[in-house]
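Peer 1: Input: one structure, supplied below.
The values are calculated or read from the model by the stated rules, or taken from the named source; none is laboratory data. Here the structure is a predicted model, which is why all the values come from computation and not from measurement. A quick note on method: Cβ atoms are made from the backbone with ideal geometry, for glycine too, and the neighbour counts reach across all protein chains shown.
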Amino acid sequence: MRDFFLHTEVGSGLLTLFETLGILVPVLILMAYSTYFERKALGAFQLRLGPNRVGWFGLAQPFADAVKVFTKETIIPAGANRFLFLLAPSITFILACMAWAVIPVQNGWAVANINVGILYLFAISSLGVYGIIIAGWASNSKYAFLGAMRSAAQMVSYEVSIGFVLVSVLLCVGSLNLNDIVLAQSRHWFAFTPLFPMFIVFLISMLAETNRAPFDLPEGESEIVAGFFVEYSAMAFALFYLGEYTNMIMMSAFASILFLGGWQAPFGLTFIPGVFWLLAKISLIMFFFFWVRATFPRYRYDQLMRLGWKVFLPLSLLWLVLTAGFLEFFHMLPRSS
Amino acid sequence: MITLFFYLFSAVLLGASAMVVTSRNPVHAVLFLILAFLNAAALFLIAGAEFLALTLVVVYVGAVAVLFLFVVMMLDVDFVQLREGFQRYAPVGAAVGLVLFGELAAVLFGWEAWSGSFAVRGSATPSSVSNTVALGQVLYTHYVYLFQLSGLILLVAMIGAIVLTHRERRGALRQDIGRQQARRVDETLEILQVPSRAGAGQIGLFRPKHLPSPVRDREPVERA
């Protein structure tokens, strides 16, 4: 049995399939309940109950929504480019799922424990902009197009500072492997070291990268209706929605791995398995997303660009140089193995 | 199995590259270019150069091609007009291409690499270290001046582009965050005792009261 899975081509293919399902099914369930979590949290922030009709405490609400969306009609506008119009939501959703291949949920537990995991995640998150920009163009609608333009500029701008944050974490770890990054934090989580400002920069850039409030200008319902997905309905819309939440969970997992010690248990509470610690950290950062959404008004476009280019870029660059100088001066630079 | 994938990716790469130059719609051309980049990255992966593959995706697909797409989508190109001079300019284009190709070939055959790099050169997967480390060891030690030089060239290009396209906008309103933060309550608010049943005019109050003028770079000038 062991030989079949590890040493034959069919077996290893099947094993990869099972591993993929093993991570994607929990992620999709997590995604469904993160919409419930968001609505309940927003309800609490605004002194209301949130969803409470369908099922016990409204717990069946995500499934009711799914059924609703499945049974609706997909409308393709007359002037739209049919192929690209349907390709865009698929790209968003597929990319959001692809990223999970490298996320380690326990020591060595990742579908693909690759050498350049951090670069892979960075690449996948930078590809996310295509779903939006193609949707905006293919819809043949001015609001969708405006949303796409905003999104393209926004995501490219904030990627730059995310890149510098990643480099400064890499300098401390000396490896691009996500598993090594978590193992390097077995004594101190990076969020509680002098890398703390980078943690803050990452958290805020993460909001911009996933197009969430207060940087949800690509949607901007008060100015451009619903932005890039104005023309979408039914399943095509649902794929954008799924992609957005899966991306949020992915960025939360990324932030926990980079700064909050991934699956590592705090205070030596190692009797609880690491998977649950990772889940707890993901939930904490997801709560941060909703908290920010309930608290801050939307940024104006020029303010968004100013924050990205004039505040975060110099700050993260400076902190990167300081980190490198500190590590070099105290001979703490990790040596390549 | 790997050979099969190699031919698959190569075939898609060639097909996509051909479509880049032949497709009529410029947006489709850019999308084919992106497909070509992704397939090239896949080929790098097959060769074992995972760092190069992902850097290609991050830089070209994630940033450069997005800006391409951004610009091309905004253009309103008339293709009939664009094709008019094609016959006339084709020889010039071909000549320029030939010269560039010759120069590239000259550089390729005349290039002498640092002798120490032979251990890691020519093999995407050097035996001793991972290819990311190998790349860093060669690039930031013996090729550091060339590396810095290429950075400087990019900087010059960037400054050049800014200088060429920058125009002074007169009378534009600017937000000065520092000034907003420095504003105090007593500079903005005035609390008055208003007698009951008296209108704003009767107590000598006219709105808008004196408001500080918005931050301007200079006084607005008549637009031509």
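Peer 1: When you check A:A110 against the structure, is it out of contact with any Ser or Thr (no Cβ under 7 Å at 6 or more places or on another chain), part of a helix (DSSP H, G or I) and more than 10 Å from every other protein chain (Cβ to nearest Cβ), yes or no?
Peer 2: It is false that A:A110 is out of contact with any Ser or Thr (no Cβ under 7 Å at 6 or more places or on another chain), part of a helix (DSSP H, G or I) and more than 10 Å from every other protein chain (Cβ to nearest Cβ).
Peer 1: Just checking, which of A:G147, A:G136 is of a type outside the set (S, T, Y), at the interface with chain B (Cβ under 10 Å from one of its Cβ atoms) and in contact (Cβ under 8 Å) with a residue 24 or more places away in the chain?
Peer 2: A:G136
Peer 1: Moving to a separate point now. Among the listed residues B:S17, B:S10, identify the single one that is surrounded by fewer than 16 Cβ atoms within 10 Å (Cβ to Cβ), touching a helix residue (DSSP H, G or I) at 6+ places or on another chain (Cβ under 8 Å), among the polar types (S, T, N, Q) and farther than 22 Å from A:A152 by Cα. Spell out how you get there, then give the answer.
Peer 2: Working: B:S17 fails: surrounded by fewer than 16 Cβ atoms within 10 Å (Cβ to Cβ).
After ruling out the rest, the residue left standing is B:S10.
Peer 1: Now, a different point. With the condition kept exactly as written, say whether any residue in the range A:176-188 is farther than 20 Å from A:P104 by Cβ, part of a helix (DSSP H, G or I) and either in contact (Cβ under 8 Å) with a residue 24 or more places away in the chain or under 18 Å from the mean Cα position of the chain (by Cα) (or both). Steps first, please.
Peer 2: Residues of the range A:176-188 that are farther than 20 Å from A:P104 by Cβ, as a first pass: none.
No: the range A:176-188 contains no residue that is farther than 20 Å from A:P104 by Cβ, part of a helix (DSSP H, G or I) and either in contact (Cβ under 8 Å) with a residue 24 or more places away in the chain or under 18 Å from the mean Cα position of the chain (by Cα) (or both).
Peer 1: Is at least one residue of the range A:176-187 of a type in the set (D, E, K, R) and at the interface with chain B (Cβ under 9 Å from one of its Cβ atoms)? Explain how you work it out, then say what you get.
Peer 2: Applying the first criterion (of a type in the set (D, E, K, R)) to the range A:176-187 yields A:180, A:187.
Those still in the list that are at the interface with chain B (Cβ under 9 Å from one of its Cβ atoms) too: none.
Checked against the condition, which is being of a type in the set (D, E, K, R) and at the interface with chain B (Cβ under 9 Å from one of its Cβ atoms), the range A:176-187 yields no hits at all.
Peer 1: Taking the residues in the range B:128-162 that are assigned to a loop (DSSP other than H, G, I, E, B) and within 14 Å of chain A (Cβ to nearest Cβ) as candidates, determine which candidate is surrounded by the most Cβ atoms within 10 Å (Cβ to Cβ). Can you show your working first?
Peer 2: Restricting attention to the range B:128-162, the residues satisfying the condition of being assigned to a loop (DSSP other than H, G, I, E, B) are B:128-130, B:140-143.
If we keep only those that are within 14 Å of chain A (Cβ to nearest Cβ) too, we end up with B:128-130, B:140-141.
Values: B:S128: 10, B:V129: 15, B:S130: 19, B:Y140: 11, B:T141: 12.
Checking each candidate, the answer is B:S130.
Peer 1: Among the residues of the range B:20-38, which ones are modelled with pLDDT of 85 or more and more than 14 Å from every other protein chain (Cβ to nearest Cβ)?
Peer 2: B:V20, B:A36
Peer 1: Do we have any residue at all in the range A:209-224 that's in contact with a Leu (Cβ under 9 Å, 6 or more places away or on another chain) and at pLDDT 90 or above?
Peer 2: No, because not a single residue in the range A:209-224 is in contact with a Leu (Cβ under 9 Å, 6 or more places away or on another chain) and at pLDDT 90 or above.
Peer 1: On the given criteria, is A:S157 modelled with pLDDT of 85 or more, in a helix (DSSP H, G or I) and among the polar types (S, T, N, Q)? Talk me through it step by step, then tell me what you get.
Peer 2: Values: modelled with pLDDT of 85 or more: yes; in a helix (DSSP H, G or I): yes; among the polar types (S, T, N, Q): yes.
Yes; evaluated as a whole, the condition is true for this residue.
Peer 1: From A:G79, A:G108, which residue is within 30 Å of A:V173 (Cα to Cα), in contact (Cβ under 8 Å) with a residue 12 or more places away in the chain, loosely packed, with under 13 Cβ neighbours inside 10 Å and more than 17 Å from the chain's Cα centre (by Cα)?
Peer 2: A:G108
Peer 1: Is there any pair linking a residue in the range B:52-77 that is more than 9 Å from every other protein chain (Cβ to nearest Cβ) to one that is of a type in the set (V, I, T), with Cβ under 7 Å and at least six apart or on different chains, and which?
Peer 2: Going by the 7 Å Cβ cut-off, the qualifying pairs are B:F68/B:V30; B:V72/B:V27; B:V72/B:V30.
Peer 1: With the condition being at pLDDT below 85, I'd like the helices (runs of 4 or more DSSP H) fully within the range A:1-73 carrying at least 2 qualifying residues.
Peer 2: Values: elements: A:2-7, A:9-45, A:61-70.
By residue number, A:2-7, A:9-45.
Peer 1: Which one of these does A:I200 not meet: (1) under 23 Å from A:E159 (Cβ atoms); (2) in contact (Cβ under 8 Å) with a residue 12 or more places away in the chain?
Peer 2: Answer for A:I200: the failing condition is (2).
Peer 1: What helices (runs of 4 or more DSSP H), lying completely within the range A:205-302, carry at least 3 residues that are farther than 24 Å from B:Q175 by Cβ?
Peer 2: Details: elements: A:221-224, A:234-259, A:274-295.
Fully inside the range A:205-302 and qualifying: A:234-259, A:274-295.
Peer 1: Counting only residues that are surrounded by fewer than 23 Cβ atoms within 10 Å (Cβ to Cβ) and not hydrophobic (A, V, I, L, M, F, W, C), which one in the range A:113-129 is nearest to the other protein chains (Cβ to nearest Cβ)?
Peer 2: Step by step, filter the range A:113-129, then rank; the result is A:N115.
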